[in-house]
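The values are calculated or read from the model by the stated rules, or taken from the named source; none is laboratory data. Because the structure is a prediction, the values reported are computed rather than measured. A quick note on method: Cβ atoms are made from the backbone with ideal geometry, for glycine too, and the neighbour counts reach across all protein chains shown.
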Amino acid sequence: MIRSLKGLSLLEFKNVSMGYNKGHDVLKDVSFKLEPGSMHFLTGPSGAGKTSLLKLLYLAHRPGRGEIIMFGRDVAKSPREELPKLRRRIGVVFQDFRLLDHMSAVENVALPLRIAGGSGAQINEHVEELLSWVGLKQRMQAFPSELSGGEKQRVAIARAVIRRPDILLADEPTGNVDPEMAERLMYLFVELNKLGTTIVIATHDNGLVSKIGAPRLHLESGKLLYLEGTRPPSEFLNQDGEFKI
């Protein structure tokens, strides 16, 4: 049985099903709620439906059946012209990065702020600070074709979090970096979560899930099981800002 979170929901799925071919549902009657400021891992074997669930969450697809309530609206039925405005409240880290090849690392990260109408000086300060923090101070002017997979991953994460979105969705965000950088990126996600962003991280890394201890949304054959985590978000870090193990 699926157990929904208590309290006010930022996002709710009500008996949602989705398929790409008629007669075959990849997701089957999925129901859950997420509270504002919560943090969850999305887990499950390959083919379980994690990518399809993320597509629904960042409004790239509509469900075949059911309701998706986000920001107080049924986005499954919202007019298409309203979706771009809603998407701007969602940060996404794609597994294939989706960086713009004609833009440098700093320009890719700055793009969400420029679209939002931020001032040039303020944008440059925030973007450079964030890229330095993820270890790319010397690579800010590099183009995607000049970056390694791990460097592209860090640029994609910086771009997704730069505006402090209401919801952050990350698909295997630590899959292309070493363990030390993976922990540093997770620290960034935890800090963003402490500021109020609701976070969903899809991952196959069970060690990472166990270490952080956030609740899991676990998919099996398109059906969702809700698994309680061991620690609430406020207890992820110790007084020195390090992960509690």
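Annotations
- Test: residue in the range 98-106 that is buried (at least 20 other Cβ atoms within 10 Å of the Cβ), free of Cβ contacts under 8 Å to residues at least 40 places away in the same chain and within 24 Å of residue 175 (Cα to Cα): yes
- Contact annotation: residue pairs with Cβ atoms under 7 Å, 6 or more positions apart or on different chains, pairing a residue in the range 47-58 that is at positive phi with a partner that is among the hydrophobic types (A, V, I, L, M, F, W, C), are 49/26; 49/27; 49/219.
The rows are residues; the columns are (1) modelled with pLDDT under 95; (2) surrounded by fewer than 20 Cβ atoms within 10 Å (Cβ to Cβ); (3) not small (Gly, Ala, Ser).
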site: 21; (1), (2), (3): yes, yes, yes
site: 36; (1), (2), (3): yes, yes, yes
site: 39; (1), (2), (3): yes, no, yes
site: 45; (1), (2), (3): yes, yes, yes
site: 50; (1), (2), (3): yes, no, yes
site: 57; (1), (2), (3): no, no, yes
site: 60; (1), (2), (3): yes, yes, no
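- Some residue of the range 166-178 being crowded, with 19+ Cβ neighbours inside 10 Å, at pLDDT below 95 and assigned to a helix (DSSP H, G or I): no
- Residues in the range 64-75 include at least one that is exposed (fewer than 15 other Cβ atoms within 10 Å of the Cβ) and either touching a strand residue (DSSP E or B) at 6+ places or on another chain (Cβ under 8 Å) or under 21 Å from residue 201 (Cα atoms) (or both).
- Qualifying residue in the range 139-148 (condition: touching a residue at least 24 places away in the same chain (Cβ under 8 Å), under 20 Å from residue 58 (Cβ atoms) and not in a loop (DSSP other than H, G, I, E, B)): no
Let's see how each residue does on (1) among the polar types (S, T, N, Q); (2) assigned to a helix (DSSP H, G or I); (3) farther than 23 Å from residue 89 by Cβ:
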site	(1), (2), (3)
123	no, yes, no
132	yes, yes, yes
151	no, yes, yes
157	no, yes, no
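- Every test in (1) surrounded by fewer than 17 Cβ atoms within 10 Å (Cβ to Cβ); (2) farther than 19 Å from residue 20 by Cβ is passed by residue 92 save one, and that test is (1).
- Flag for residue 9 being closer than 17 Å to residue 200 by Cα, part of a helix (DSSP H, G or I) and either modelled with pLDDT under 90 or of a type outside the set (Asp, Glu) (or both): no
- Every residue from the range 61-98 that is over 14 Å from the mean Cα position of the chain (by Cα), part of a loop (DSSP other than H, G, I, E, B) and not basic (Lys, Arg): 61, 63, 64, 71, 72, 75, 76, 78, 79
- For the range 205-225, a residue qualifies if it is touching a helix residue (DSSP H, G or I) at 6+ places or on another chain (Cβ under 9 Å) and part of a loop (DSSP other than H, G, I, E, B), and the qualifying residues are 205, 213, 214, 222.
- Residues in the range 125-158 that are surrounded by fewer than 19 Cβ atoms within 10 Å (Cβ to Cβ) and among the aliphatic types (A, V, I, L, M): 140, 142.
- Cβ-Cβ under 6 Å pairs, at least 6 apart or on other chains, the range 70-97 side under 21 Å from residue 52 (Cβ atoms), far side hydroxyl-bearing (Ser, Thr, Tyr): 90/58; 92/58
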